[in-house]
Amino acid sequence: MTRTTLFACEIPWARGGSYDEQSMQPFLAGLCELHQVRCLYRTFTQSGELAALLSSTNMPAANGQRVIVYLSAHGSGGRLYTEMEKSVNLLPIAKKAARAIEGIWIGACDVGASEAPEEFLRNGGASWAGGFTCAIDWKDAVLIDLAVLQAALGGHKPKNRSAVIHLFANALTAFSPTWIVDSHADIPLWKALRVWGRDRTSGPTTEDLTEDILKKLKWPTG
């Protein structure tokens, strides 16, 4: 029986009011098959749907298993964006999310700069959470998202800040820090990420570990 679950929640992608065929589902299925973990894939179009998916009632029962959550969506101004509900505030959803989550990666423009990722860690929740602080092209985000999930699924459950730093340094080591991921604002990769973590052995105190991860990688900081 598998001991790890990847719980992926994705919006149906759309451009100009028409739904697109692109989806992370085949990439996630392949990644989970590679690591022999369970892949649960769901879609959402409104905040209420996402809140229900991440709630204790609907979250897959952990039963001692690892549960890693991945959100794939449009983002703008620190909020998720869907065709049906233009602005989805992730913060109240994070406050009520199931406590069984080990970590959460948010594949959406701008949302990594909001308070939502940290909120998933508070009150004894996730051990780590992160995302993008700027706009990023879908194809570029796919590469980074998969690298993060690959490191998380292929490694051990991080129990302290050092383990979270190691996880993300391992995930990002193949990339160039000067890779421009937001061509409109000329933002390089090292400025485009934000990661929160906490030490499970010393309570729910959260910490922004982004600079520590950059130092571990020997990337620019500041």
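Any residue at all in region 152-166 that's surrounded by fewer than 20 Cβ atoms within 10 Å (Cβ to Cβ), over 23 Å from LEU54 (Cβ atoms), touching a residue at least 40 places away in the same chain (Cβ under 8 Å) and among the hydroxyl-bearing types (Ser, Thr, Tyr)? No: region 152-166 contains no residue that is surrounded by fewer than 20 Cβ atoms within 10 Å (Cβ to Cβ), over 23 Å from LEU54 (Cβ atoms), touching a residue at least 40 places away in the same chain (Cβ under 8 Å) and among the hydroxyl-bearing types (Ser, Thr, Tyr). Of all residues in region 90-102, those satisfying the criterion of being in contact with a helix residue (DSSP H, G or I) (Cβ under 7 Å, 6 or more places away or on another chain) and either surrounded by 19 or more Cβ atoms within 10 Å (Cβ to Cβ) or assigned to a loop (DSSP other than H, G, I, E, B) (or both) are LEU90, ILE93, ALA94, LYS96, ALA97, ALA98, ARG99.
Among the residues of region 108-125, just one is within 17 Å of ALA192 (Cβ to Cβ) and surrounded by fewer than 20 Cβ atoms within 10 Å (Cβ to Cβ), namely ALA113.
For region 65-89, taking the residues that are among the aliphatic types (A, V, I, L, M), within 23 Å of HIS156 (Cβ to Cβ) and surrounded by fewer than 24 Cβ atoms within 10 Å (Cβ to Cβ), the one that is farthest from the chain's Cα centre (by Cα) is identified as VAL67. Among the residues of region 103-123, those that are closer than 25 Å to ALA185 by Cα and in a loop (DSSP other than H, G, I, E, B) comprise ALA108, CYS109, ASP110, SER114, GLU115. Residues of region 94-115 that are touching a Lys or Arg at 6+ places or on another chain (Cβ under 9 Å) and among the β-branched types (Val, Ile, Thr): VAL111 alone. Note on region 97-125: residues that are under 14 Å from ALA51 (Cα atoms) and either at pLDDT below 90 or in contact with a Cys (Cβ under 6 Å, 6 or more places away or on another chain) (or both) amount to 2. Put simply, of TRP138, TRP105, TRP128 the only residue that is within 25 Å of PHE27 (Cα to Cα), surrounded by fewer than 18 Cβ atoms within 10 Å (Cβ to Cβ) and hydrophobic (A, V, I, L, M, F, W, C) is TRP138. Checking each residue in region 39-60 for being exposed (fewer than 13 other Cβ atoms within 10 Å of the Cβ) and part of a helix (DSSP H, G or I) picks out only GLY48. Among the residues making up region 167-210, those that are over 19 Å from ALA108 (Cβ atoms), touching a Gly at 6+ places or on another chain (Cβ under 8 Å) and either crowded, with 17+ Cβ neighbours inside 10 Å or acidic (Asp, Glu) (or both) are LEU167, ASN170, THR206, GLU207, LEU209.
The values are calculated or read from the model by the stated rules, or taken from the named source; none is laboratory data. Here the structure is a predicted model, which is why all the values come from computation and not from measurement. FYI the Cβ positions are ideal-geometry reconstructions off the backbone, even for glycines, and counts take in every protein chain you see.
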